[in-house]
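Working notes, structure below.
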Amino acid sequence: MSAKSIQTTLVHSDYVAPAGFDAFPPATHRASTVLFANTAAMRASQWKDKTAYTYGLHGTPTTFTLEGKLAEIEGGNHCLLTPSGLAAIAMVDFALLKSGDDVLLPENVYNPNRELGRWLSADFGVTARYYDPMIGAGIAALIQPNTKLLWAEAPGSVSMEVPDLPALCDAAHKRRVLVALDNTWSAGLALRGFDLGADIVMHALTKYQSGGADLLMGAVITRDRALNDRLALAHMRLGLGVSPDDAYLVQRGLPTMKMRFERHDASARELAAWFKARPEIAKVLHPAFEDCPGHAFWQRDFTGAGGLFSVVFDARFDEAQVDRMVDALTLFGIGYSWGGPNSLVMPYRINSLRDRWEGGVLVRFNVGLEDPADLIADLAQAFDAL
């Protein structure tokens, strides 16, 4: 071959880095095109089984490594990454539901999941119905011949009810209905979804897995290969790829996730106990506290709680008063999401999210990694604004 021009050399260098490099952090592989050794390798490659690389959208060593770690943490065998938690939910729905099918969702479902259900009903011919999250084995009465999927959250992300997951799963499986569990609240650390009967476990990696409040990502984990293949087809058809740089950041957060989760948990319980003693608060909706519906199920099924819980103010305080209290906080940012190092607060108009709600103004707290004594002092001064 003749000598290359400078321009060609800029694109086709002869240099190859020496093999044998190793380090604790996994490498970040950025690629759209994946190169094959020859045409035989190209023709033999199968993107679904992940034994070879075919195209950047279907994975690189960076994303495969993260998927493998997440599946291992959750006790699953297969994992698919998505650009957000909502993308993970949508992928499950579009993989498993078609026109004429029915899906059941808890009334305390993550609100974007509720909106997706409404969209499926309005435009795709899929009926989405909502059930009392505390219904337990009574869910059997709601399952129809065309019901294909049951969603569960443990607990609900705003009103915090903890369902009887084994009862829900048992009733669904007796009627050949798949169960998808949103296990984001426990990060796969405090609840073993597959062991309780879930077929699919979904996570918003945006939360504890990332830990930095600086990226969006989701994951769908399964044990059954055939079910994973159905999901993988939807993943491919919907083009749900993730950034390898973001995948690296999530991997960077995993070694400290359990320690961070336990710190969030301890601090949140300290704040919840403080709220419990305040006359301004009617209920503390923290699964580790008896006020929370489903507390007994949490005791039975969970080993921890994380940093997210809600409180309900006494009926004598209206929305405007509670908003003043929220605005007076200095260490709590007003914002959605959770699981990061900074504490957050979010007042909800819960009547717009729940078909049935009796009680005062609800405020959700994400307790971050600050000193809980400082957070309590901030809450105390803000309560003066009531």
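If you go through region 196-252, how many residues are closer than 19 Å to G340 by Cα, in contact with a helix residue (DSSP H, G or I) (Cβ under 8 Å, 6 or more places away or on another chain) and in a helix (DSSP H, G or I)?
Residues meeting the conditions: 4.
Only one of these conditions is not met by R252: (1) crowded, with 20+ Cβ neighbours inside 10 Å; (2) under 23 Å from G212 (Cβ atoms); (3) touching a Pro at 6+ places or on another chain (Cβ under 8 Å). Which number is it?
For R252, the failing item is (1).
Go through (1) surrounded by 10 or more Cβ atoms within 10 Å (Cβ to Cβ); (2) modelled with pLDDT under 85; (3) out of contact with any Asp or Glu (no Cβ under 8 Å at 6 or more places or on another chain) and name the single condition Y15 misses.
So Y15 meets the others, but not (1).
With the condition kept exactly as written, say whether any residue in region 149-168 is without any contact (Cβ under 8 Å) to a residue 24 or more places away in the chain and in a loop (DSSP other than H, G, I, E, B).
If we filter region 149-168 for residues that are without any contact (Cβ under 8 Å) to a residue 24 or more places away in the chain, which is where we start, we get none.
No, region 149-168 contains no residue that is without any contact (Cβ under 8 Å) to a residue 24 or more places away in the chain and in a loop (DSSP other than H, G, I, E, B).
Of the conditions (1) at positive phi; (2) at pLDDT below 95, G294 clears all except one; give me its number.
(2)
Any residue at all in region 182-190 that is closer than 20 Å to R364 by Cβ and of a type in the set (V, I, T)?
yes
Quick check on my filter: what residues within region 357-386 are part of a loop (DSSP other than H, G, I, E, B) and open to solvent by less than 30 Å² (accessible area, probe 1.4 Å)?
First, pick out the residues of region 357-386 that are part of a loop (DSSP other than H, G, I, E, B): 357-361, 367-371, 384-386.
Passing the criteria: G360, V361, V367, G368.
Got at least one residue in region 38-57 being of a type in the set (V, I, T), without any contact (Cβ under 8 Å) to a residue 24 or more places away in the chain and touching a strand residue (DSSP E or B) at 6+ places or on another chain (Cβ under 8 Å)? Steps first, please.
Going through region 38-57, the residues of a type in the set (V, I, T) turn out to be 39, 51, 54.
The next check asks that each one be without any contact (Cβ under 8 Å) to a residue 24 or more places away in the chain; those that pass are 39, 51, 54.
When the remaining residues are screened for being touching a strand residue (DSSP E or B) at 6+ places or on another chain (Cβ under 8 Å), the result is none.
The answer is no, given that none of the residues of region 38-57 is of a type in the set (V, I, T), without any contact (Cβ under 8 Å) to a residue 24 or more places away in the chain and touching a strand residue (DSSP E or B) at 6+ places or on another chain (Cβ under 8 Å).
Pairs needed: first member in region 186-205, buried (at least 21 other Cβ atoms within 10 Å of the Cβ); second member anywhere, of a type in the set (S, T, Y) and not in a helix (DSSP H, G or I); C-beta distance under 6 Å; at least 6 residues apart or different chains.
Qualifying pairs under 6 Å: A187/Y208; A190/T303; I200/T222.
Among what's in region 320-356 and is among the acidic types (D, E) and modelled with pLDDT of 95 or more, pick the residue that is least open to solvent (accessible area, probe 1.4 Å). Break it down into steps so the answer makes sense when it comes.
Restricting attention to region 320-356, the residues satisfying the condition of being among the acidic types (D, E) are 323, 327, 355.
With modelled with pLDDT of 95 or more added as a condition, the list becomes 323, 327.
On the way: D323: 54, D327: 111 Å².
Here the residue is D323.
Conditions first: (1) open to solvent by 60 Å² or more (accessible area, probe 1.4 Å); (2) small (G, A, S); (3) in a loop (DSSP other than H, G, I, E, B). A296 passes all but one, so which condition is the exception?
(3)
What's the number of the only condition in (1) free of Cβ contacts under 8 Å to residues at least 12 places away in the same chain; (2) crowded, with 18+ Cβ neighbours inside 10 Å that M259 fails to meet?
Tallying (1) free of Cβ contacts under 8 Å to residues at least 12 places away in the same chain; (2) crowded, with 18+ Cβ neighbours inside 10 Å, M259 fails exactly one: (2).
Would you check if there is a residue in region 11-22 being over 27 Å from A232 (Cα atoms), without any contact (Cβ under 8 Å) to a residue 12 or more places away in the chain, part of a loop (DSSP other than H, G, I, E, B) and of a type in the set (F, W, Y)? Before you say what the answer is, go through the steps one by one.
The initial filter retains those residues of region 11-22 that are over 27 Å from A232 (Cα atoms), namely 11-22.
Remaining after also requiring without any contact (Cβ under 8 Å) to a residue 12 or more places away in the chain: 11-22.
This time we only want the ones that are part of a loop (DSSP other than H, G, I, E, B), so: 12-22.
Remaining after also requiring of a type in the set (F, W, Y): 15, 21.
So far as region 11-22 goes, yes, one or more of its residues are over 27 Å from A232 (Cα atoms), without any contact (Cβ under 8 Å) to a residue 12 or more places away in the chain, part of a loop (DSSP other than H, G, I, E, B) and of a type in the set (F, W, Y).
Of the conditions (1) farther than 20 Å from A234 by Cβ; (2) of a type outside the set (S, T, N, Q); (3) in contact with a His (Cβ under 7 Å, 6 or more places away or on another chain), A71 fails just one. Which one is it?
Among (1) farther than 20 Å from A234 by Cβ; (2) of a type outside the set (S, T, N, Q); (3) in contact with a His (Cβ under 7 Å, 6 or more places away or on another chain), the lone unmet condition for A71 is (1).
Could you please find all residues in region 267-293 being under 24 Å from E370 (Cβ atoms), open to solvent by 60 Å² or more (accessible area, probe 1.4 Å) and free of Cβ contacts under 8 Å to residues at least 40 places away in the same chain?
Across region 267-293, the qualifying residues are R269, K276, A277.
The values are calculated or read from the model by the stated rules, or taken from the named source; none is laboratory data. Note that the structure is predicted; figures quoted are calculated from it, not measured. Methodologically, a virtual Cβ is constructed for each residue, glycine included, from the backbone with ideal geometry; neighbour enumeration extends over all protein chains shown. Side chains included, ligands, DNA and RNA excluded: accessible areas come from the protein's heavy atoms. Shrake-Rupley method; radii C 1.70, N 1.55, O 1.52, S 1.80 Å.
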